[in-house]
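*Asks:* Before I ask anything, here is the structure I am working with.
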Amino acid sequence: MKAIRIRGSRPLSGTIRVGGAKNAALPILCATLLSDGASLLRNVPALRDIDTTAALLRFLGRDVIVAAPEVRVAPATRVARPEAPYELVRQMRASVLVLGPLVARYGRAKVSLPGGCAIGARPVDQHLMGLEALGAKITVEHGYVIAEAPRLRGAEIVFDMPTVTGTENLLMAAALARGRTTLVNCAREPEVVELAAVLNKMGAEVQGAGSSVIHVVGRDELDPFDHAIQSDRIEAGTFMAAIGAAGGDVLLEEAPLDDLEPVVAKLRQAGVEIEREGAHARVRRLGPIRAVDVTTAPHPGFPTDMQAQLMAMMTVATGRSVMVETIFENRFMHVPELVRMGADIETHHNTAIIQGVQRLSGAGVMATDLRASASLVIAGLIAEGETIVHRVYHLDRGYERIEEKLAGAGADVTRIDANGEEA
């Protein structure tokens, strides 16, 4: 099994290019199910989750050609099979995003309950509640959700809490529903806004994306589309935290600063200089790291997907940091691994208290989920000696060639095989 080897204590310099946003590409790929035409996605990252989604679309009857940074979804050439099996869905929770498009397009969907990172309960009850409001009959049996409706119809749907995938699923379903749908208490993430823009390209009428209330006027049929995926704000934030932790001066190309305001604010508070240079961002950290407190929150608050990376940076900050995780109840699984490297961290339920130490020491560590793996890479960049991050298949779900990008900026980072040889 492959791993990442890091020899730390080197500042970063040079240029790193931010890739396309995985969390935008996945729902937009699922939106291709709403049309029988040929769609083209550009600036798509070469990631395991993209390959998994392509395999799922192929199972559902579409011809998909993945040649990153482009993905082509060809016109349907065979009868669709509106069923997403456990073998595919268990690999990635976002697979549940085919549920809304399938029932809206074909009148029936059978989708396995999802898997993905083990960072806590992420139920799909809000998805099912919304589809029922749109007129679908929902049953759950043998680990599968079965949704049936001859034609969905517009309705008002109030989410109990903001949910990104729930908002996206119901946006896609409403785009083919008869009449007008109003979604209340929506997720406001940039990826939701981008999906809405794609649905508008397809011929639906979506207004209000980015706010808590979204209105959708559905159509009888939708068109295919050509769309370039936005840059990945979490990848950009991860590199910012890595530069802040290791020190140095790096130009982040295509960094979406407007979508990163809460992350940028905390990094600046911690002593990281971040300046806009056209479509890029200059990121520097020359002085000491100052401790900052963080509470995660739905967008536009501090993203839960950046909590682990900032925590890794805070392990060597001057002072004490407090991090409160409000989104997922099991998202401190990286803490024991950071402690193995010499970090001083105590956890109490959803709160982590980090007392900055002078240095970390390299060690063998295990990645437990996607963002935890990124935090361990960052810790390895600042640790003395050698760090080996195992289970990097987690990392490959959300970061395209992260070791190559960091190495290009001066880090000593290499992918190795089970024998310790370069992979």
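*Asks:* For A423 and T295 in one chain, what is 0.36 nm times their gap in residues minus the Cα-Cα distance, to one decimal in nm?
*Replies:* 42.3 nm
*Asks:* While we're looking at this one, here's another question. Name the residue, out of T15, T53, T139, whose mean-square fluctuation peaks in a Gaussian network model built on the chain with Cα pairs under 10 Å.
*Replies:* Greatest mean-square fluctuation among the candidates belongs to T139.
*Asks:* In square nanometres, what is one fourth of the surface area of the convex hull spanned by the alpha carbons of the range 132-278?
*Replies:* Approximately 11.7 nm², given one-decimal rounding.
*Asks:* From zero up to wherever the largest Cα-Cα distance of the range 22-228 sits, split into 5 Å bins and tell me the percent of pairs in each.
*Replies:* 1, 8, 18, 22, 23, 17, 9, 2
*Asks:* Right, another one. Given a Förster radius of 56 Å and the C-beta distance between T318 and D160 as r, what FRET efficiency does 1/(1 + (r/R0)^6) yield to the nearest 0.05?
*Replies:* On the way: r = 41 Å, r/R0 = 0.73.
Taking R0 as 56 Å, the efficiency between T318 and D160 is 0.85.
*Asks:* Using only Cα atoms, find the angle between the long axis of helix 370-382 and the longest principal axis of the chain, and express it within 0 to 90 degrees, rounded to the nearest 10.
*Replies:* Approximately 20 degrees, to the nearest 10.
*Asks:* With 10 angstrom as the radius, rank T32, T351 by how many other C-beta atoms surround their C-beta, starting from the fewest.
*Replies:* Ordered by Cβ neighbours within 10 Å, fewest first: T351, T32.
*Asks:* For a footprinting-style exposure proxy, rank I402, I388, I274 by other Cβ within 10 Å, fewest first.
*Replies:* I388, I274, I402
*Asks:* Report the net charge of residues surrounding H142, where surrounding means a beta-carbon distance below 15 angstrom and charges are Lys +1, Arg +1, Asp -1, Glu -1.
*Replies:* Computed value for this residue: -1.
*Asks:* On a 0 to 90° scale, report how tilted helix 164-175 is relative to the longest principal axis of the chain, with both axes built from alpha carbons and the result rounded to the nearest 10.
*Replies:* 30 degrees
*Asks:* If I take R0 = 22 Å and measure r between the Cβ atoms of I65 and H142 in this structure, what FRET efficiency does the formula 1/(1 + (r/R0)^6) give, to the nearest 0.05? Provide the component values of the computation, followed by the final result.
*Replies:* Values: r = 33 Å, r/R0 = 1.52.
For R0 = 22 Å, the calculated efficiency reads 0.10.
*Asks:* Top mean-square fluctuation among G247, G100, G143, Gaussian network model of the chain, C-alpha springs under 10 Å?
*Replies:* Top of the fluctuation ranking is G143.
*Asks:* Could you state the principal axis extents of the C-alpha atoms in the chain, from the largest down, to the nearest angstrom?
*Replies:* 63, 46, 40
*Asks:* Could you grab the relative contact order for the chain? Cα pairs under 8 Å, six or more apart, rounded to a whole percent. Please list the in-between numbers first.
*Replies:* Values: 1080 pairs, mean separation 88.8, N = 423.
Result for the chain is 21 percent.
*Asks:* How far is the Cα center of the range 359-373 from the Cα center of the range 380-418, in Å?
*Replies:* Spelled out, the Cα-based centre of one part sits 10 Å from the other.
*Asks:* Taking 0.36 nm per intervening residue step and subtracting the Cα-Cα distance, what contour gain separates N330 from D226 on full extension?
*Replies:* Gain on extension, N330 to D226, equals 33.6 nm.
*Asks:* What is the gain in length, in nm to one decimal, between A74 and T182 on full extension, counting 0.36 nm per residue of separation less the C-alpha to C-alpha distance?
*Replies:* Additional length available on full extension: 35.7 nm.
*Asks:* Something else: What lysines sit close enough to K137 to cross-link, taking a C-alpha to C-alpha distance under 24 Å and skipping anything fewer than 8 places away on the same chain?
*Replies:* Cα-Cα hits under 24 Å: K110.
*Asks:* Let me ask something else. I want to verify a result. In a Gaussian network model of the chain, Cα cutoff 10 Å, which of these has the top mean-square fluctuation: E141, E132, E191?
*Replies:* Maximum among the listed residues: E141.
*Asks:* By counting other Cβ atoms within 10 Å of each Cβ, how are H127, H142 ranked from fewest to most? Mind dumping the intermediate values first?
*Replies:* Details: H127 27, H142 8.
Least crowded to most crowded, the residues run H142, H127.
*Asks:* Follow-up question, since we're still on this one. Need the list of lysines near K2 for cross-linking: C-alpha distance under 19 angstrom, and skip anything on the same chain fewer than eight residues off.
*Replies:* K405
*Asks:* Using only Cα atoms and rounding to the nearest 10 degrees, what angle (0 to 90) does helix 22-31 make with the longest principal axis of the chain?
*Replies:* 10 degrees
*Asks:* Suppose every Lys and Arg Cβ carries +1 and every Asp and Glu Cβ carries -1, with no other charges. What dipole size does the chain come out with about its Cα centre, to the nearest 20 debye?
*Replies:* Rounded to the nearest 20 debye, it is 300 debye.
*Asks:* Please give, to one decimal in nm, the separation of the simple spin-label points placed at I353 and E404, each 7 Å out from Cα toward the Cβ.
*Replies:* 4.5 nm
Any read-out appearing in this document is the output of simple, stated calculations on the displayed coordinates, not a laboratory observation. Remember, it's a predicted structure, so these values are computed and weren't measured experimentally. Cβ sites come from the backbone with ideal geometry, for glycine too, and all protein chains shown count toward neighbours.
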